[in-house]
Amino acid sequence: MTEQLAGIDFSAPSEVVARQLIGVTVLVDGVGGRIVETEAYDREDPASHAFSGPTERNEAMFGPPAHAYVYRSYGIHWCLNFVCREAGHGAGVLIRAIEPLYGIDVMRERRRTDDDWLLCSGPGKLCQAMGVTRALNGKSLAAFPFELLPGTRGLEVVEGPRIGISKAMDVPWRFGLAGSRFVSKPFRRSR
């Protein structure tokens, strides 16, 4: 069982993995880029899909670490998460935004835009641009079509409250690459 990929220990708590994923490159069938924004979720977190226990929808979230959990948001958009912690725990990291670097022409065609910011600046956008669907749910991040490449060490990571949730809104488990123009929403500066 692979728990270490691209220098990340996926058996660690989700908030640790979410921070460490900033700067890592994720590819799906050769299309993708550098992760610039993530959000952490844990089964003890009321905003998490795992909070009420395993269901048919969230079963992959309780699976082994370093696997994908893909779900549909608002019945419209696919969202890509990386499973963390030990099998049975129920934790993951939502990939909120990437800086597009590989397969940009494919992304532009899939998203029908030439604006690079609009390609992957949100979880639904990046899934559409990268071709992520429910077919990848439960798949190992160590196997095709996924590829994770180590990121640059020492990047400045900012944190803040998660977006678009109605519970545990004050938990600062949203992480981003400081100064990135590719995040879905700017981070508030601390005073």
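The values are calculated or read from the model by the stated rules, or taken from the named source; none is laboratory data. Values in this document were obtained by computation on a predicted structure and should not be read as measured data. Cβ: placed from backbone, ideal geometry, glycine included. Neighbour counts: every protein chain shown.
Odds and ends about this structure:
- Options Arg108, Arg43, Arg57, Arg85; residue that is surrounded by fewer than 23 Cβ atoms within 10 Å (Cβ to Cβ), at pLDDT 90 or above and over 12 Å from the mean Cα position of the chain (by Cα): Arg108
- Residues being out of contact with any Ser or Thr (no Cβ under 9 Å at 6 or more places or on another chain), of a type in the set (Asp, Glu) and modelled with pLDDT under 95 - total across region 1-40: 0
- Within region 165-181, the only residue that satisfies the criterion of being part of a loop (DSSP other than H, G, I, E, B) and within 15 Å of the chain's Cα centre (by Cα) is Trp173.
- Inspection of region 103-120 finds a residue satisfying the criterion of being farther than 17 Å from Leu80 by Cα, among the charged types (D, E, K, R), in a loop (DSSP other than H, G, I, E, B) and touching a helix residue (DSSP H, G or I) at 6+ places or on another chain (Cβ under 8 Å).
- Any hit, region 136-143, residues being surrounded by fewer than 21 Cβ atoms within 10 Å (Cβ to Cβ) and in a helix (DSSP H, G or I): no
- Per the conditions (1) touching a residue at least 24 places away in the same chain (Cβ under 8 Å); (2) within 13 Å of Ile22 (Cβ to Cβ), the sole criterion not satisfied by Ser184 is (2).
- Residue pairs meeting the criteria (Cβ under 6 Å; at least 6 apart or on separate chains; first over 17 Å from Lys125 (Cβ atoms), in region 51-80; second of a type in the set (S, T, N, Q)): Ala60/Asn137; Pro65/Ser11; Ala66/Thr2; His67/Ser140; Tyr69/Asn81
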